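**Q** Here it is, the structure, as structure tokens.
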Amino acid sequence: MKSYRKVLTVNIPSRRGFMNITPQVAQAARESGVQEGLVLANAMNITASGCINDDERGLRSYYDRWLDK
């Protein structure tokens, strides 16, 4: 079994922010050379506690309003 690990470091300049990491994850998958398998993207910091698995139009503003409540 082949595995590959890459650490992506991001900084959000405000208390809350959204970042689409799909291009970085896709690049890491290409770098790995793995042809078939699964990708695990995991926030390894307690302050990065929320992950959204969809980038549908309007979804970020919905989550912003929901989190403000």
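The values are calculated or read from the model by the stated rules, or taken from the named source; none is laboratory data. Keep in mind the model is a prediction, meaning the values are calculated, not measured. When we count neighbours, we look across all protein chains shown, and the Cβ atoms used for this are built from the backbone with ideal geometry, even at glycine. Surface accessibility is based on the protein's heavy atoms, side chains included, excluding ligands, DNA and RNA. Shrake-Rupley method; radii C 1.70, N 1.55, O 1.52, S 1.80 Å.
**Q** At a 1.4 Å probe radius, carbon and sulfur cover how many percent of the accessible area of region 1-68?
**A** Exposed carbon and sulfur together represent 51 percent of the surface.
**Q** Are there any chymotrypsin sites (Phe, Trp or Tyr not before Pro) in the chain that are in a DSSP loop and have at most 13 other Cβ atoms within 10 Å? List them by number.
**A** Values: sites: Tyr4, Phe18, Tyr62, Tyr63, Trp66; in loops: Tyr4, Phe18.
Qualifying residues, ordered by number: Tyr4, Phe18.
**Q** So, one more: Find the accessible area per residue for the chain; the probe is 1.4 Å, ligands and nucleic acids are left out, and the unit is Å².
**A** It amounts to 99 Å² per residue over the chain.
**Q** Can you give the charge dipole size of the chain about its Cα centre, rounded to the nearest 20 debye, using +1 on the beta carbon of Lys and Arg and -1 on the beta carbon of Asp and Glu?
**A** Roughly 200 debye, rounded to the nearest 20.
**Q** Something else about it: What residues from region 51-69 fall in the zone where the backbone N is under 18 Å from a label point 7 Å along the Cα-to-C-beta line of Ala41?
**A** Of the residues in region 51-69, 51-61, 63-64 have backbone N under 18 Å from the label point off Ala41.
**Q** Largest first, what is the accessible-area ranking of Val34, Val39 with a 1.4 Å probe?
**A** Val39, Val34
**Q** For the chain, go through all pairs of different Cα atoms, get the mean of 1/r, take its inverse, and jot down that Kirkwood value in Å.
**A** Value: 14.2 Å, from the Cα pair sum.
**Q** Can you give the calculated 222 nm mean residue ellipticity of the chain, where each DSSP H run of n ≥ 4 adds -39,500 (n - 2.57) and the sum is split over every residue, rounded to the nearest 500 deg cm²/dmol? The partial results should precede the final answer.
**A** Numbers: 2 runs with 21 residues, N = 69.
Rounded to the nearest 500, it is -9000 deg cm²/dmol.
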